[in-house]
Amino acid sequence: MSDQSSTFLVKSTIKSADKEHRRKINFNIARYNAMVPQGKQQFTDIHLAREKAKNIKWKAIETLDKQLELFETNITRRGAKVLWAETADNALEEVLKICKAKACTTIVKSKSMVTEEIHLNKFLEKNNIESVETDLGEYIQQLDDEPPYHIVTPAMHKSKEDVAKLFAEKLGTAPELTPTELTLVARGKLREKYRQAQIGITGANFIISDIGGIAITENEGNGRLTCAYPKTHIVIVGIEKVIPSMTDLALFWPLLSTYGTGQKITSYNSIITGPKQKGEEDGPEEMYVILLDNGRTNILSNVKARESLYCIRCGACLNACPVYKNIGGHAYDTTYSGPIGSVITPHLKTMDEWKHLSYASSLCGNCTEVCAVKINLHELLLDNRNEAVKQKSSSFVERIAWNFWKKAMLKRSMMNMGSARLKNYMINTFVKDWKRHRSELHFPTKTFNQMWQEKNKKSN
Ligand code: SF4
């Protein structure tokens, strides 16, 4: 068992018994569930919309090289610089080079899972550069020194009382502030940081190849300020975020907001096609786009797993997953948690160390059912399991046990072997893991074979 697997077992065991944690996330997910049907009302045929989005992403991913080159050509024409990063380290080096060139001491950042993936904040901190999260949820998490709990709602596991307590501890505010008052405190602190920052760093929800632009979608306006206020704007984005045309946003924006938060459309939607142009008053003087691979081409080269690159990170599969709802986002110990995280992490990192996530699923298929772009998530989890077995990354004991099980299941005489009492004793005594979270197993006294024979005798 890998270290990651043991840690996952310990953390998920603790969290699944934490009733207060469950109460908080159930409360927040219930609010989400109440909103989503309202967002869906804007589509005349939601299934068709999801199907269409899947087809667009299929086209984008099948022609990824061409789409990215087209994006680079178009955005470069308007003065942005495109940098290609094969690994997280490559991306971090590029950021540092820019920071050094600008003598940067403070950065403002908008919410971006890719920057979590490359551990940007820790890296900047080591290099004596202050990096401040400006999304309220991310700001709360940064104050608490915790990674995001959820890909859309980073502080989903915290109640308003938890946040008030945190602000009191870290910022010295009164402990009983309301959410509005807390937001105003954060707003005041962040405005000051915007004034100090030399660089703004954002992610991107979409890379638009035909116009050479990036699209950012958010609810607080902090993303737009991060792009526009500091003199330099750096975008760090995974290469899979591409869509072929700006007109595709007419489908993807409402789809992302519906499945992300239940809104018809998010409050701020920006398309950025380069730095400030001649004669323009607003915007950064320089813009860099770092296109990050970091394992995505491993997924691209895997014909089955490739479908997971269609993901638009709406978070719907996390909210629908019975495992996520019990163990929460942090138990996974990965940047991307929930069903999509369990599918992609073994490919982004290593199958050997992360395959356990593909087994942490009831395979109920609810994730596939709710996915905004109809990714066959539960099938992909099965494919991962299959791949793990083929790579022989399962333990020797496990392989022997499954081999024996297969043989027994294919041979009636072996299935009939031994009495029910003996089987009960064997399973409940020796297969300890079975009983750890379940009640005892009781085999029927008669085998299926015996019951079948008796039934046939009677009917004759
Ligand atoms: S896999 Fe589907 S449901 Fe899950 S985050 Fe991605 S797009 Fe949303």
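Which residues does the label zone of Ala228 cover in the stretch 275-293, counting backbone N under 14 Å from a point 7 Å along Cα→Cβ?
275-277, 280-285
Would you mind counting up the charge near Ala215? Only other residues with Cβ under 10 Å from its Cβ, with Lys and Arg at +1 and Asp and Glu at -1.
Spelling it out: positives minus negatives among the neighbours equals 0.
What spacing in nm lies between the two simple spin-label points modelled at Phe396 and Ile271, each 7 Å away from Cα in the Cβ direction?
Inter-label distance under the simple model: 6.1 nm.
Taking a quarter of the surface of the Cα convex hull of the stretch 201-267, what do you get in nm²? Present the calculation step by step, with values, prior to reporting the outcome.
Working: hull surface 18.6 nm².
For the stretch 201-267, the mean projected area of the Cα convex hull comes to 4.7 nm².
For the stretch 310-407, what is one quarter of the convex hull surface built on the Cα atoms, given in nm²?
So the mean shadow area of the Cα hull is 6.5 nm².
How long is the stretch 67-126 along each principal axis, judged by its Cα atoms, biggest number first, in Å?
35, 25, 20
Can you pick out the pairs among Lys122/Lys390; Lys241/Lys355; Lys160/Lys264 whose Cα atoms lie more than 31 Å from each other?
Table pairs above 31 Å Cα-Cα are Lys122/Lys390.
Which aspartates and glutamates, if any, have their Cα less than 13 Å from the Cα of Lys111, not counting same-chain residues under 8 positions apart?
Glu133, Asp135, Glu138, Glu218, Glu220
Can you tell me how much longer the chain between Lys165 and Ser413 gets when fully stretched, taken as 0.36 nm per residue apart minus their C-alpha distance, in nm with one decimal? Don't skip to the end; give the middle numbers.
Working: separation 248, 0.36 × 248 = 89.28 nm, distance 6.41 nm.
Result for the pair: 82.9 nm of gain on full extension.
Restricting to Cα pairs below 8 Å that are 6+ residues apart, what does the relative contact order work out to for the chain? Please round to a whole percent.
Computed over the chain, the figure is 19 percent.
How far, in degrees from 0 to 90, does helix 64-77 lean away from the longest principal axis of the Cα atoms of the chain, to the nearest 10?
With rounding to tens, the tilt is 10 degrees.
Past the 12 angstrom mark, what percentage of all C-alpha to C-alpha distances in the stretch 31-70 do you count?
68
For the stretch 215-324, give the share of DSSP beta bridges that are antiparallel, in percent and rounded to the nearest 5; count only bridges with both residues there.
Roughly 35 percent of the beta bridges in the stretch 215-324 run antiparallel, per DSSP.
Describe numerically, in nm with one decimal, the distance between label points set 7 Å from Cα along Cα→Cβ at Glu176 and at Gln196.
3.2
Indicate, rounded to the nearest 5 percent, the antiparallel portion of the DSSP beta bridges found entirely in the chain.
Details: 8 of 33 bridges.
Here the share of antiparallel DSSP bridges comes out near 25 percent.
Count the net charge of all other residues whose Cβ sits under 14 Å from the Cβ of Ala250, scoring Lys and Arg as +1 and Asp and Glu as -1.
Details: positive: Lys52, Lys264; negative: Asp210, Asp248.
Summing Lys/Arg as +1 and Asp/Glu as -1 gives 0.
Name the aspartates and glutamates eligible as straight-distance cross-link partners of Lys446: C-alpha to C-alpha under 16 Å, and not fewer than 8 places from it in the same chain.
Lys446 reaches Glu454.
Compute the acute angle (0 to 90°) between the alpha-carbon long axis of helix 160-171 and the principal axis of greatest extent of the alpha-carbon atoms of the chain; round to the nearest 10°.
50
Relative to the longest principal axis of the chain, what angle (0 to 90°, nearest 10) does the C-alpha long axis of helix 249-261 take?
60
Can you list the cysteines of the chain that have no other Cys Cβ under 4.7 Å away?
Cys227, Cys311, Cys314, Cys321, Cys364, Cys371
Leu68: net charge of surrounding residues, Cβ under 14 Å, Lys/Arg +1, Asp/Glu -1, itself excluded?
Charge balance near Leu68 sits at -4.
Please list, in chain and number order, the residues 5+ apart from Leu83 or on another chain whose amide H is under 5 Å from its amide H, with Hs placed from the backbone.
Here Val289, Ile290, Leu291 satisfy the definition.
From the C-alpha gyration tensor of the stretch 20-110, pull out the three semi-axes of the equivalent ellipsoid (sqrt of 5λ each), sorted largest to smallest, in whole Å.
Those come to 37, 26, 13 Å.
Rounded to whole Å and sorted largest first, list the principal axis extents of the Cα atoms in the chain.
Cα spread of the chain along its principal axes, largest to smallest: 94, 54, 45 Å.
So what is the 222 nm mean residue ellipticity for the chain from helices alone, if each DSSP H run of at least 4 adds -39500 (n - 2.57) and you divide by all residues, rounding to the nearest 500 deg cm²/dmol? If you can, show how the numbers build up before the last one.
Working: 25 runs with 253 residues, N = 460.
The per-residue figure over the chain is -16000 deg cm²/dmol.
Semi-axes of the equivalent ellipsoid for the stretch 236-304, please: Cα gyration tensor eigenvalues, times 5, square-rooted, ordered largest first, whole Å.
Computed over the stretch 236-304, the values are 26, 22, 10 Å.
I'd like the per residue volume of the convex hull spanned by the Cα atoms of the stretch 276-367, given in cubic angstrom.
Expressed per residue, the convex hull around the Cα atoms of the stretch 276-367 is 150 Å³.
Based on the Kirkwood radius over alpha-carbon pairs, what value in µm²/s does the Stokes-Einstein equation return for the translational diffusion coefficient of the stretch 116-171 at 4 °C and 1.567 mPa s?
Translational diffusion coefficient: 108 µm²/s.
Of the listed peptides 345-358, 438-451, 312-325, what is their order by residue-averaged count of other C-beta atoms within 10 Å, with the highest listed first?
312-325, 345-358, 438-451
Evaluate E = 1/(1 + (r/R0)^6) for His119 and Asn298, where r is the Cβ-Cβ distance and R0 equals 25 Å; express this FRET efficiency to the nearest 0.05. Please list the in-between numbers first.
Numbers: r = 19 Å, r/R0 = 0.78.
That pair, His119 with Asn298, gives E of 0.80.
Which whole-number value in Å² is the accessible area per residue of the chain, probe 1.4 Å?
Numbers: 23600 Å² over 460 residues.
Spelled out: the 1.4 Å probe surface of the chain, per residue, equals 51 Å².
Let's test the formula: R0 of 35 Å, r as the Cβ-Cβ distance of Glu20 and Glu440. What FRET efficiency results, to the nearest 0.05?
0.75
Roughly how many nanometres apart are two label points built 7 Å out from the Cα toward the Cβ at Ser362 and Lys406?
2.8
Kirkwood Rh over Cα pairs of the stretch 147-209 into Stokes-Einstein at 10 °C, 1.306 mPa s: D in µm²/s? Present the calculation step by step, with values, prior to reporting the outcome.
Values: Rh = 14.0 Å.
My calculation gives 114 µm²/s for D.
Please compute the length gained on full extension between Asn55 and Glu285, using 0.36 nm multiplied by the number of residues separating them and subtracting their Cα-Cα distance.
Details: separation 230, 0.36 × 230 = 82.80 nm, distance 3.68 nm.
Length gained between Asn55 and Glu285: 79.1 nm.
Pairs of alpha-carbon atoms within less than 8 angstrom and 6+ residues apart define the contacts here; what relative contact order does the stretch 46-146 have, in percent?
After rounding, I find 19 percent.
Compute the orientation-averaged projected area for the stretch 186-336 from the convex hull of its Cα atoms and round it to one decimal in nm².
That works out to 11.2 nm², a quarter of the Cα hull's surface.
Taking the DSSP beta bridges in the stretch 141-254 as the whole, what percent of them are antiparallel, to the nearest 5?
Numbers: 3 of 9 bridges.
Close to 35 percent.
Taking a ≥ b ≥ c as the square roots of the eigenvalues of the Cα gyration tensor of the stretch 1-73, is the shape rounded (a/c under 1.5), prolate (a/b larger than b/c) or oblate?
Oblate shape, in that a/c is at least 1.5 and b/c is the bigger or equal ratio.
The values are calculated or read from the model by the stated rules, or taken from the named source; none is laboratory data. On a predicted model such as this, the values are computed, not experimentally measured, just so you know. Because the Cβ atoms are built from the backbone with ideal geometry, glycine has one as well, and the counts that use them run over all protein chains shown. Just the protein is used for accessible areas: all its heavy atoms, side chains included, with ligands, DNA and RNA removed. Shrake-Rupley method; radii C 1.70, N 1.55, O 1.52, S 1.80 Å.
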